[in-house]
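Note sheet for the following structure.
The values are calculated or read from the model by the stated rules, or taken from the named source; none is laboratory data. Small disclaimer: the values here were computed from a predicted structure and weren't measured. Because the Cβ atoms are built from the backbone with ideal geometry, glycine has one as well, and the counts that use them run over all protein chains shown.
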Amino acid sequence: MRIGVIGCGTIARAAVERIVDDGHEITVSERSVHHASSLADAHSNVRIADNQGVVDASDVLFLGLMAEHAADVLGPLTFRDGQVAITFMAGASLEQADALVRPARATAQMMPFPGIARGGTPIMTYGDARLVTEIFGARNSVFCVRDADEMAAYLCAQAVLSPVARMVGDAATWLGERVSDKAQGEEFLRELVASNIASTACDPLIEALNTPGGFNQRLRLHMEADGMTEALRNGLSKLA
């Protein structure tokens, strides 16, 4: 495919890194010079252009802009009929993105994570998921949502990633103060959480770790008593 990327930030760069060896011709915007230059220097099938040059060179567009800047960036550009766009913009609906690229069509909203560069990460998508699955589905799990309201709910719920990382990081700091190899301690905890959460649904995992008087049960009950569950639900509700 001829793929263009408007707004080559951290997430868009990660998406490109995942597909760069799949035979596509990829044009990235000069808007984020560091990411664009790194990709172009490392891969012969990636080149840099201004935003209109990206549009002119591409049949499929990734919109990796901040939503508040999208109208200013996309408004002056000339799109063409037959082009399709996949928007990564969390703060703009698929319908809003579609209106900004006419007569091209924004057919899907996709929310990737930095881990997409390595593969094996979930991708939320709303709209026509066929193109998203064709480009990214071989190495990542595509989760299709029903409508814009579901996408909004998923966007809120995915924010649990940062608190989880904070909690594991804090536990690693606590552990690092008590062991000889702090880095190994954090690596152990990251792998512990990632492998168990990935392989077992949450309720069965909690039950399996619910040995009366065991460390896992005692820490969970302590944190729940301190308001962990309520704080999480309240925080998610404020995002919605």
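So the values come out like this:
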{"item": "Residues satisfying the stated conditions in the stretch 94-116, i.e. crowded, with 18+ Cβ neighbours inside 10 Å and part of a loop (DSSP other than H, G, I, E, B)", "result": "Ala104, Pro112"}
{"item": "Odd one out for Asp81 among (1) out of contact with any Ser or Thr (no Cβ under 8 Å at 6 or more places or on another chain); (2) of a type in the set (D, E, K, R); (3) part of a helix (DSSP H, G or I)", "result": "(3)"}
{"item": "One residue from Glu134, Glu150 being assigned to a helix (DSSP H, G or I), under 30 Å from Met1 (Cβ atoms) and in the same structural domain as Ile11 (by TED's automatic domain parsing)", "result": "Glu134"}
{"item": "Spans of helices (runs of 4 or more DSSP H) in the stretch 178-240 with at least 3 residues over 30 Å from Ala152 (Cα atoms) and assigned by TED's automatic domain parsing to the domain that holds Met167", "result": "182-199, 215-225"}
{"item": "Test result for Cys144, touching a helix residue (DSSP H, G or I) at 6+ places or on another chain (Cβ under 7 Å) and under 30 Å from Asp21 (Cβ atoms)", "result": "yes"}
{"item": "Filter result (surrounded by 11 or more Cβ atoms within 10 Å (Cβ to Cβ) and acidic (Asp, Glu)) within the stretch 208-240", "result": "Glu224"}
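Listed here are the residues, each with its yes/no results for (1) closer than 19 Å to Val20 by Cβ; (2) at pLDDT 95 or above.
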site	(1), (2)
Thr78	no, yes
Gly91	no, no
Pro103	no, yes
Met111	no, no
Gly119	yes, no
Ala129	no, no
